[in-house]
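Taking it in order: structure first as C-alpha cells, then the write-up.
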Amino acid sequence: MFKEEVIKFLTERGYKFEKKSKVVSDPKTGISVSKDEDYIYDKLVEKYGTVKRQYKDEERYPWECDFYIPSEDLFIEYLKHWSHGRRKYDPKDDQCKEDKKWLEKKAKDNEFYKRTLTQWTEKDPEKEEFAYDHGVNLVVLYNMREFNTWYENPDMQYIPIFAACFVFLY
C-alpha cells in the first residue's frame, strides 16, 4: 500500500518512472549504492581520476556527500530518492507547498513521512546553506538528466548562489 501511494502521489505531479534503480551493497566498502550512483562514480573517475564516495570533511562539510573530487575540491550530492523531494525545496513554489502539505498530513501518523518531510524541507536546505556560507564547492543533482547535463558540459561556468547553490551557465 505504501509504495503504491507514493507512486500515485508522484505520478500525479508529473514524475515519470524509469527502470528501478537497484540498491546494492559494495562488497569492498559495505556502502549501499544505487545503479545510478555506480554509473556516476564510473563517469567521474573516467573524467577526474580520484573520486571519493561517501566522503565527509568534519570541518568543511560535516555530512557524508555522495562523491568528492579532490582535484576539483568538489562535493557532489545526488538526491534522486523521493525523500529528497526529487527537486530542490522552495517554500515559495506552489508545487512545493502542495507537496509539503501532503507530507505534513501523512507525517501525523507515519514516522517515515515525518523524516522525509524534515529531510526535504530542513536538512537538505541546511546543507546547501552551510556550503554556500562556508565557500564549499557543492553541486546538488536530483536526477540522471541533471548529472549528464553537468558532466557533458565541462566548460560551462557555474556561479554560487544561495537559491540553488550552483547555477550552471551555458
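Every number here is computed from the coordinates shown, using simple stated rules; none is lab data. Values in this document were obtained by computation on a predicted structure and should not be read as measured data. Quick reminder, even Gly has a Cβ in these numbers, built from the backbone with ideal geometry, and neighbours come from all protein chains shown.
Set the Förster distance to 30 Å, then compute FRET efficiency between Thr50 and Asp133 from the Cβ-Cβ distance, nearest 0.05.
Working: r = 27 Å, r/R0 = 0.90.
Efficiency at R0 = 30 Å is approximately 0.65.
Among the listed pairs Lys80/Lys106; Lys92/Lys123; Lys52/Lys88; Lys100/Lys123, which have their C-alpha atoms separated by more than 19 angstrom in this model? All intermediate terms of the calculation are to be shown ahead of the outcome.
Working: Lys80/Lys106 21 Å; Lys92/Lys123 17 Å; Lys52/Lys88 24 Å; Lys100/Lys123 14 Å.
Check vs 19 Å cut-off fails for Lys80/Lys106; Lys52/Lys88.
Report the gain in length on full extension from Lys123 to Glu72: 0.36 nm times residue separation, minus Cα-Cα distance, nm rounded to one decimal. Walk me through the intermediate numbers first.
Details: separation 51, 0.36 × 51 = 18.36 nm, distance 2.50 nm.
Gain in length upon complete extension: 15.9 nm.
Report the FRET efficiency, 1/(1 + (r/R0)^6), for Tyr39 and Lys114, where r is their Cβ-Cβ distance and R0 is 25 Å, rounded to 0.05.
Working: r = 31 Å, r/R0 = 1.26.
The value I calculate is 0.20.
Once R0 is set to 22 Å, what does the formula 1/(1 + (r/R0)^6) return for the Cβ-Cβ distance between Thr149 and Asp94, expressed as a FRET efficiency to the nearest 0.05? Walk me through the numbers on the way to the answer.
On the way: r = 25 Å, r/R0 = 1.13.
Efficiency, rounded to the nearest 0.05: 0.30.
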